[in-house]
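Enquirer: Got a structure here, written out as structure tokens. Questions coming.
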Amino acid sequence: MRFTGGGVLRGQAILDVLSELDLPENIEDLSKPFVTVATDLSTGREVWFQEGSLRDAVRALVAIPGVLRPHKVGERYLIDGGVTNPVPVSACRAIGAQHIIGVDPNDKAGRHYWQPRRNGLLADLMGTDLRDKLPDAISALLPDNDRSGPDLMDVIDSTVEIATDYLVKTREAADPPHLMLRADLSHISVLELFRASEAIEEGARLVENAAQPLDSLLG
């Protein structure tokens, strides 16, 4: 974790994993049509990756504001495409998709975006072990381990989710997918990347529960 560079996580591990997966270097060399959406931090416009570096495309689209550093491509700093187009149905239509299955990973089902708890998100992640290893001057800047109000990362996490939820609903009303699957990942915080297996399990559950409408849609 770092507090410089526009995000607390550098994101190098994402690029390392992509290299290990033995994927093509360029998007146009993939076996199927592929597009990702990022957001230009300067202009606020959507940036679609349909060709060029696959590593740049994936790294840019997951640059969650305040969490993962913006990714520089050329002269532009790019952040998460969810800031402008969380469920990019329009991008899928543009590359010729005939059946579009959207996935909303932020379904709250009536729950609050933030709820009081003993520790804030940042305090939980730091933990006492890491705090004890830091110089006193830095440790003093970290949130207390016993507080009921939101800390910095709680505020960033909740704010992004509120804005994303609004955008999903607005864009879905204007340009709906043929089928929308809504994932309940409210138990996983924005920085708990080590819980990816739980998110994958939720994805499998969604597909199993939607077996009938999926069969109807895809024949």
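All of the numbers you see were taken from the coordinates with simple rules; none came from a lab. Quantities reported herein were computed from a predicted structural model and do not represent experimental measurements. Cβ: placed from backbone, ideal geometry, glycine included. Neighbour counts: every protein chain shown.
Enquirer: With a 10 Å radius around each residue's Cβ, average the other Cβ atoms per peptide and rank 181-191, 57-67, highest first.
Expert: Details: 181-191: 16.4, 57-67: 22.5.
Packing proxy ranking, top to bottom: 57-67, 181-191.
Enquirer: For a quick check: with amide H placed at 1.01 Å from N, whose amide H comes under 5 Å from K72's, ignoring anything fewer than 5 positions away on the same chain?
Expert: Those qualifying (amide H under 5 Å, at least 5 residues apart or on another chain) are L78.
Enquirer: Apply the Karplus curve 6.51 cos²θ - 1.76 cosθ + 1.60, θ = phi - 60°, to the phi angles in region 81-93 and return the couplings in whole Hz, x for Gly and Pro.
Expert: Coupling constants for region 81-93: x, x, 5, 10, 8, x, 10, x, 4, 4, 5, 5, 4 Hz.
Enquirer: What's the extension gain from S90 to A173 if we count 0.36 nm per residue and subtract their Cα-Cα distance?
Expert: My answer for the length gained is 28.6 nm.
Enquirer: Quote to one decimal, in nm, the extra length available between D22 and A163 on full extension: 0.36 nm per residue of separation minus the C-alpha distance between them.
Expert: 47.2 nm
Enquirer: If you don't mind, another one. How large is ³J(HN,Hα) for each residue in region 179-194, as worked out from phi by the Karplus curve 6.51 cos²θ - 1.76 cosθ + 1.60 (θ = phi - 60°), to whole Hz, x for Gly and Pro?
Expert: For region 179-194, the Karplus-derived couplings read 8, 10, 9, 10, 8, 9, 10, 5, 7, 10, 7, 5, 9, 8, 5, 6 Hz, x marking Gly and Pro.
Enquirer: Right, something else. Using amide H atoms built 1.01 Å from N in the peptide plane, name the residues 5+ places from L9, or on other chains, whose amide H lies under 5 Å from its own.
Expert: Result for L9 returns R2, L68, R69.
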